[in-house]
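The values are calculated or read from the model by the stated rules, or taken from the named source; none is laboratory data. Since the structure is predicted, the reported quantities are computational estimates derived from the model, not experimental observations. Quick reminder, even Gly has a Cβ in these numbers, built from the backbone with ideal geometry, and neighbours come from all protein chains shown. In case anyone asks, the SASA skips ligands and DNA or RNA and just uses the protein heavy atoms, side chains included. Shrake-Rupley method; radii C 1.70, N 1.55, O 1.52, S 1.80 Å.
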Amino acid sequence: MEYKPLNKKLILEGLKDTIFKDAIILEEIDSTNEFAKRISKKDNVLIVAEHQTAGKGRRGRRWFSKKYANLLFSLLLKPDLTKEYTFSLSMALALSSVFSIEKIAEVKALIKWPNDIYVNQKKIAGILTEFSLKGEKLDYVIIGMGINVNWAPKAEELLYPATSLKDETGRTFEREILLLDILKRFSDYYKKILSGDIDELYRSWNEHSLIIGKTVSAEDGTKGKALRIEKDGSLIILADGKEKRITYGDINL
Ligand code: BTN
């Protein structure tokens, strides 16, 4: 199928309802997260790419996409916060995308710990958050997100089943509309986080979790019922009658 380039004018116009003052839309780049690091002196910038030659996933993995088909973007932020808030910032983007996907594509989306987005048991989006510190505070945070909008990689390239909004609905989607809807929601969350108010966000990420209440196994061998995801991002599993804290790795259902 023929994919359409992004409408830059539409994106720039839509940004006025968000915290983003500037958008950089690139035809091709190694990785939008890497690009964001190179311009990390700037504040509140959106970086979007049509194609990445070295898209990065979590834990050294690759992120695959197809030119003009999907959303590949990074948010470069300079919040006056300590590093404990980085998980909240990632969740603000994860939840924003969950609500936007549900509104625009009319499919149920859930967050698989730590911050993958799943639709019908398949991964549709992923988030890679990177940050740098200045003393106790965050110097910058880069939240990179890839969303399979109109194309998904084949299962054999990946460790998990993947899907796209197109695969799930049979429709193709205007990427700009989805992106702007996400960024508006994210902006509201961001302002709340800056004021230190993350209670509602915390409740919401537990409510929209794919794994809470289910039997899960962690990479360290812990197996039990997923109870909650704490404010710092750790996952609490009830295993052998005791609460066990998981801070790293992937979870199997
Ligand atoms: C994961 O699920 O492993 C995280 C995937 C993150 C992919 C996005 S695409 C835009 C940004 N640039 C990157 O190189 N990675 C993130």
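Quick notes on this structure:
- The number of residues in region 241-253 that are within 20 Å of G126 (Cβ to Cβ) and part of a loop (DSSP other than H, G, I, E, B) comes to 5.
- Taking every residue in region 148-175 that is aliphatic (A, V, I, L, M) and pairing it with any residue that is part of a helix (DSSP H, G or I), at least 6 positions away or on another chain, the pairs with Cβ-Cβ distances below 6 Å are V149/L165; V149/R175; A152/D167; L165/A105.
- Residue pairs whose Cβ atoms lie under 6 Å apart, sitting 6 or more positions apart in sequence or on different chains, and linking a residue in region 179-202 that is basic (K, R) to a partner that is modelled with pLDDT under 95 and in a helix (DSSP H, G or I), are K184/D17.
- Subset of region 45-94 [part of a loop (DSSP other than H, G, I, E, B), open to solvent by 10 Å² or more (accessible area, probe 1.4 Å) and under 14 Å from L128 (Cβ atoms)]: A54, G57, R61, W63, F64, S65
- Among the residues making up region 99-118, those that are farther than 16 Å from N70 by Cα, of a type in the set (A, V, I, L, M, F, W, C) and away from the ligand (no atom under 14 Å from the Cβ) are F99, V107, A109, L110.
- Filter result (surrounded by 16 or more Cβ atoms within 10 Å (Cβ to Cβ), within 13 Å of the ligand (Cβ to nearest atom) and assigned to a helix (DSSP H, G or I)) within region 13-44: T32, N33, E34, F35, A36
- When restricted to residues that are of a type in the set (K, R) and near the ligand (Cβ under 9 Å from one of its atoms), region 45-89 contains 5.
- Where a residue in region 102-124 is on the phi > 0 side of the Ramachandran plot and its partner, wherever it lies, is open to solvent by 20 Å² or more (accessible area, probe 1.4 Å) and polar (S, T, N, Q), with Cβ under 8 Å and at least six apart: E106/T169
- Which listed residue, of F173, F186, is in contact with a helix residue (DSSP H, G or I) (Cβ under 8 Å, 6 or more places away or on another chain) and over 28 Å from G60 (Cβ atoms): F173
- D188, sole failed condition from (1) open to solvent by 50 Å² or more (accessible area, probe 1.4 Å); (2) more than 16 Å from V98 (Cα to Cα); (3) acidic (D, E): (2)
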